[in-house]
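Beneath this line is the structure, given in structure tokens, with notes to follow.
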Amino acid sequence: MLNWLLPILAVVTYLLSNHANAAVQLRYEIIERLPHDRSSFTQGLELYGDRLYESTGQYGQSTIRHYKPENPKEAVIHRLPKDRFGEGLTILKDRVYQLTWRSGEVYVYGLTDFSLFESFTIPGDGWGLTNNGRELIYSDGSDKLRFIDPVSKKLVRTVYVSMGGRPVEFLNELEWMRGAIYANVLPTNLVVAIDPRSGEVIKTLDLNRLYPERMRRSRDHIANGLAWDHRRQQLLVTGKNWPWIYRIKLIQPRLEDLLGN
């Protein structure tokens, strides 16, 4: 595991273990398991129509691709320059937006062949990316979520994420679902659901049992990839260099669970 992740893991684990009761804890049912390219260092995932769009990272290996969920081997792949590290992606108004890490550059592509329409830069690092139908929303590794106008490229507002009164940092892959922003928290298996107005974490989702750490080839192979299937009302989940994509159904807690009975 990368040495710089160790202190982050300690802080995040402490925060989540001590304040998880401040948010509703979601359960889930595994619907099916789909193949995933194990060489993909997944940084972003989104379902659009019948295709999965995926951004992958690492210098010299970063890509953006799309494929049918059941057949990742037949992907349309565009490779990034060797000095760019791919991060989150989202699709807004038939344009694919892909973040890059320390360069802070955003690429804007066409849907089918990833023809480049434009690029622009954002303040800070690029980590996760999603949209609410009007604005781009990105994370930079801190407790901030920034909302960007996709036309002017100007910052609209910043939301600070917290749970139980404490900041929640290291927000990674993002997905807009049912009016909330869901985020993988690096370097854990936890997903948090964030109120986009207040920044408060309102729900948590533990993905550890999908692909347990003991089965992974490296401790760097964390959960990182969320794609909401609006039609089926199900969530597609994967991680960095995972061999599988899991389709899960979220289960809202029962009233007696919320009341602690």
* **Subset of region 35-55 that is touching a Leu at 6+ places or on another chain (Cβ under 9 Å) and of a type in the set (A, V, I, L, M, F, W, C) - its residue that is nearest to residue 223 (Cα to Cα)** => 45
* Structure fact -> Every listed condition ((1) farther than 22 Å from residue 234 by Cα; (2) free of Cβ contacts under 8 Å to residues at least 12 places away in the same chain) holds for residue 58 save (2)
* Of everything in region 78-135 that's within 16 Å of the chain's Cα centre (by Cα) and charged (D, E, K, R), which residue is nearest to residue 58 (Cα to Cα)? -> 87
* Asked: Taking region 36-51 as the region of interest, how many residues are touching a residue at least 40 places away in the same chain (Cβ under 8 Å), touching a strand residue (DSSP E or B) at 6+ places or on another chain (Cβ under 6 Å) and among the charged types (D, E, K, R)?
  -> 1
* Asked: Which one of these does residue 78 not meet: (1) assigned to a loop (DSSP other than H, G, I, E, B); (2) in contact (Cβ under 8 Å) with a residue 12 or more places away in the chain; (3) over 28 Å from residue 204 (Cβ atoms)?
  -> (1)
* Asked: Which of the residues belonging to region 204-227 are outside any loop (DSSP other than H, G, I, E, B) and either surrounded by fewer than 20 Cβ atoms within 10 Å (Cβ to Cβ) or touching a His at 6+ places or on another chain (Cβ under 8 Å) (or both)?
  -> 206, 213, 214, 215
* Residue among 125, 143 that alone is touching an Asp or Glu at 6+ places or on another chain (Cβ under 6 Å), closer than 20 Å to residue 45 by Cα and among the charged types (D, E, K, R) -> 125
* Do you know which residues across region 151-203 are in contact with a Pro (Cβ under 8 Å, 6 or more places away or on another chain), assigned to a loop (DSSP other than H, G, I, E, B) and of a type in the set (A, V, I, L, M)? -> 161
* Any idea which residue in region 203-250 is modelled with the lowest pLDDT, counting only those that are of a type in the set (A, V, I, L, M, F, W, C) and more than 17 Å from residue 181 (Cα to Cα)? -> 215
* With respect to residue 89, is the statement that it is aliphatic (A, V, I, L, M) and in contact (Cβ under 8 Å) with a residue 24 or more places away in the chain true? -> yes
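The values are calculated or read from the model by the stated rules, or taken from the named source; none is laboratory data. None of the values given here were measured: they were computed from a predicted structure. Neighbour counts are summed over all protein chains in view; Cβ atoms, including those assigned to glycine, are modelled from backbone coordinates with ideal geometry.
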